[in-house]
Amino acid sequence: MNIQKNNIDDLNIELAIELTPEDYKIKVEENLKKIRKDFKMPGFRTGHAPMGIIKKQFGTSVILEEINKLAIDSINNYVSENKFDIIGYPMFNSEKTSKIEEVNDTINYNFIFNIGLRPKVEVDISVNVNIEYPKITITDEIINKELELLRKQSASFNKGEVVDENSYVSGKTSVTPENQEEQPKEESSEDNDDLEMKYILIEKIKEHKKIYNKFLGANLNDTVTIDLSNDIENIDDINTILPSKTDKENNPDISGQKIKFVIKSIFNSKPAEINEVFFNQVFPGRNIKTIEDFKDALKENIVVYFKKQCDDVFFHNVRDYLLKNTTVEMPIGFIKNLLSEQMKQDKKSEKELEEFENNFEDNLDYIKWDFIKEKILKKYDLKIKPEDLKGFVTNFYNQHLKKDTIEDEIIEKEIQNLKKDKQKYNRVVDNIINEKILKIYKENLTITEVEYESFEKMVEIRKEKKEEVRSEKFEV
């Protein structure tokens, strides 16, 4: 056996391996003997068929299987022995490896593999780096706005005759394509199977002024007509209203089509009364008696919520800074081939593979961030410990299920259930790791607090900044 290393560049290595009969012949013979042991052939006892027949029938496949396995194992051992810090695994290079024209146990076989090395990353997380941390003052306006939202969420619904801004409406819908005559009235009755029931919370369509105004003031059994050419700007914004038969695929601009919405029920909501029943519904077990105490409890919740949101924004501010200011040279071609091969192994569709190919360049920042994050984890020795998972489950019970004490048996059972769901477990691990990274940021970076009048304003300003960056990035 002979393995030759060819350094293509600092991050890409080509490994050429040559296998001789001495490397694989003994193993091939052993495997053929195993096959012979259980082989049944007329005229011979089981296990006594002539070896020549066994070789003729199975020799080619056994040799190919053995040399492929031997090549892969040998390359992996070579990588391990030489302590190459590689990305993924060695990839077989089918383009540079000569096609096998002849198979027997007397010739040499050659294979070429490629490996991509992990980039060396230096991350600056120090007082030299100044990052903005958003701060939102909890005002009476914010508390009152949250109070009204909670009243709406706890609202009661009563049957109504007229649609108002707080109504919940159901109705039968149909589509009238362009130039098609109106159907006779009896065909659009409630019992017509061609009609489809839809449900609309009027408040949710408030931003679509023309449609919103057509529903406001409508009566039970009225028909609301929506002109898809004139009443909306983007049809995807009102998918909840569209009947499933709306021809979006063959007629994407929906020119001329109309929706007929026959109102069959109206439920008008009445916000919850501000009383002890409402207080207990929002904060069970707190025994809140007055609106003042309720607002204090509400403020506590808002502070926790905004802290989480501000931490998330700060975390992304640091991420954006590190992406912009950290040099990460990557073996991009190798990474692309590796990810593509993994998608094929996972039996992704042709459409998914095509989307990957088209969007790969746009996703390089995500790949770059993985290497930066990996460096942070190593530099600060951040790992998931059993107590981290226990703490996560305990906090979940405390915050979402309002339980102050949970038995250890229940926590352990939840952890085991969590580990059975790979996707959910990975999300939890990512959250825990990100919390650890956030702590590192806060302990080491210089932080400048910037106050915003509201969370919405902060999001708006961040969005504007992102657009400015994009404009600069793609400026010709």
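The values are calculated or read from the model by the stated rules, or taken from the named source; none is laboratory data. Owing to the predicted nature of the structure, the values given are computational and were not obtained by experimental measurement. Here Cβ is always computed from backbone atoms with ideal geometry, including for glycine, and neighbour counts include all displayed protein chains.
Does region 80-100 contain at least one residue that is assigned to a helix (DSSP H, G or I) and within 23 Å of ILE332 (Cα to Cα)? Spell out the reasoning first.
Of the residues in region 80-100, the ones assigned to a helix (DSSP H, G or I) are 80-81.
Retained after the next criterion (residues that are within 23 Å of ILE332 (Cα to Cα)): 80.
Looking through region 80-100, at least one residue is assigned to a helix (DSSP H, G or I) and within 23 Å of ILE332 (Cα to Cα).
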ask   = out of contact with any Gly (no Cβ under 7 Å at 6 or more places or on another chain) and surrounded by 14 or more Cβ atoms within 10 Å (Cβ to Cβ): does that describe ILE107?
value = no
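Being surrounded by fewer than 17 Cβ atoms within 10 Å (Cβ to Cβ) and touching a helix residue (DSSP H, G or I) at 6+ places or on another chain (Cβ under 9 Å) is the filter here, so list the residues in region 282-294 that pass it.
Across region 282-294, the qualifying residues are ARG286, ASN287, LYS289, THR290, ILE291, ASP293.
Applying the selection to region 28-61, what residues are part of a helix (DSSP H, G or I) and farther than 18 Å from ASP105 by Cα? Before you say what the answer is, go through the steps one by one.
Filtering region 28-61 down to residues part of a helix (DSSP H, G or I) leaves 28-38, 51-61.
Across region 28-61, the qualifying residues are LYS37, ASP38.
Please determine, by comparing only the residues of region 1-20 that are under 30 Å from GLN57 (Cβ atoms) and at pLDDT 95 or above, which one is surrounded by the most Cβ atoms within 10 Å (Cβ to Cβ). Don't jump to the end; show me each part of the working.
Just the residues of region 1-20 that are under 30 Å from GLN57 (Cβ atoms), to begin with: 1, 17-20.
Those left that are additionally at pLDDT 95 or above: 17-20.
Working: ILE17: 23, GLU18: 14, LEU19: 20, THR20: 13.
Filtering region 1-20 for residues that are under 30 Å from GLN57 (Cβ atoms) and at pLDDT 95 or above, the one surrounded by the most Cβ atoms within 10 Å (Cβ to Cβ) comes out as ILE17.
Looking at LYS442, LYS436, which is the one that is within 24 Å of the chain's Cα centre (by Cα) and modelled with pLDDT of 95 or more? Spell out how you get there, then give the answer.
Values: LYS442 fails: within 24 Å of the chain's Cα centre (by Cα).
Exactly one residue qualifies, and that residue is LYS436.
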query = When GLU146 is evaluated against the numbered criteria (1) closer than 30 Å to LEU338 by Cα; (2) surrounded by 17 or more Cβ atoms within 10 Å (Cβ to Cβ); (3) acidic (Asp, Glu), which criterion, by number, is the only one it fails?
reply = (1)
query = crowded, with 16+ Cβ neighbours inside 10 Å and touching a residue at least 60 places away in the same chain (Cβ under 8 Å): does that describe ILE415?
reply = no
query = Hey, any hits in region 326-341 for a residue that's loosely packed, with under 14 Cβ neighbours inside 10 Å and under 28 Å from LYS463 (Cα atoms)?
reply = yes
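Please go through region 249-266 and give me each residue that is surrounded by 16 or more Cβ atoms within 10 Å (Cβ to Cβ) and either modelled with pLDDT of 80 or more or basic (Lys, Arg) (or both), ordered by number. It would help to see each step written out before you state the result.
Here is the first cut: in region 249-266, the ones surrounded by 16 or more Cβ atoms within 10 Å (Cβ to Cβ) are 254, 257-263, 266.
Hits for region 249-266 are LYS258, ILE259, LYS260, PHE261, VAL262, ILE263, ILE266.
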ask   = Of the residues THR173, THR106, which single one is among the β-branched types (Val, Ile, Thr), assigned to a loop (DSSP other than H, G, I, E, B), modelled with pLDDT under 95 and more than 32 Å from the chain's Cα centre (by Cα)?
value = THR106
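Which residue is nearest to VAL103 (Cα to Cα), if the candidates are limited to region 17-27 and must be touching a helix residue (DSSP H, G or I) at 6+ places or on another chain (Cβ under 8 Å) and part of a helix (DSSP H, G or I)? Steps first, please.
Looking only at region 17-27, we keep the residues that are touching a helix residue (DSSP H, G or I) at 6+ places or on another chain (Cβ under 8 Å), and these are 17, 19, 23-24, 27.
Pick out the ones that are also part of a helix (DSSP H, G or I) and you get 23-24, 27.
Working: ASP23: 15, TYR24: 13, LYS27: 15 Å.
That would be TYR24.
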ask   = Would it be correct to say that GLU329 is under 30 Å from ASP10 (Cβ atoms) and either modelled with pLDDT of 90 or more or in a helix (DSSP H, G or I) (or both)?
value = yes
request  = Out of PHE314, PHE278, PHE294, PHE261, report the one residue that is outside any helix (DSSP H, G or I) and aromatic (Phe, Trp, Tyr).
outcome  = PHE261
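Conditions tested, residue by residue: (1) under 25 Å from ILE367 (Cβ atoms); (2) free of Cβ contacts under 8 Å to residues at least 12 places away in the same chain.
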position	(1), (2)
GLU14	yes, no
PRO42	no, yes
LYS55	no, no
ILE86	yes, no
TYR89	yes, no
GLU95	yes, yes
VAL103	no, no
